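Student: Just dropping this structure here.
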Amino acid sequence: MKMINNYLNSFENYLPEDSKEEIRAELESSIYAEVDDMKEALGRDLS
């Protein structure tokens, strides 16, 4: 989702260089898991 990617890109600017990739990957995974859970609960795609 473009909105999530935009959020992660802007958030990444505030992360320390040495752990930026790891933190972004964990946050991205968590966000997409929540999105999947919401889709399943609603029985439809999110808009």
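The values are calculated or read from the model by the stated rules, or taken from the named source; none is laboratory data. All values derive from a computational prediction rather than experimental measurement. Ideal geometry is used to build each Cβ from the backbone, glycine not excepted, and the neighbour counts take in all protein chains shown.
Student: Just give me the residues in segment 5-34 being of a type in the set (Val, Ile, Thr) and either at pLDDT below 95 or on the phi > 0 side of the Ramachandran plot (or both), in sequence order.
Tutor: Scanning segment 5-34 gives no hits.
Student: Could you grab me the full set of residues in segment 18-34 that are touching a residue at least 12 places away in the same chain (Cβ under 8 Å) and out of contact with any Asp or Glu (no Cβ under 7 Å at 6 or more places or on another chain)?
Tutor: Leu27, Glu28, Ile31, Tyr32
Student: Could you check Glu40 against (1) more than 13 Å from the chain's Cα centre (by Cα); (2) surrounded by 11 or more Cβ atoms within 10 Å (Cβ to Cβ) and say which number it fails?
Tutor: Exception for Glu40: condition (2).
Student: Given (1) surrounded by 11 or more Cβ atoms within 10 Å (Cβ to Cβ); (2) without any contact (Cβ under 8 Å) to a residue 24 or more places away in the chain; (3) of a type in the set (A, V, I, L, M, F, W, C); (4) part of a helix (DSSP H, G or I), identify the lone condition not met by Leu15.
Tutor: (4)
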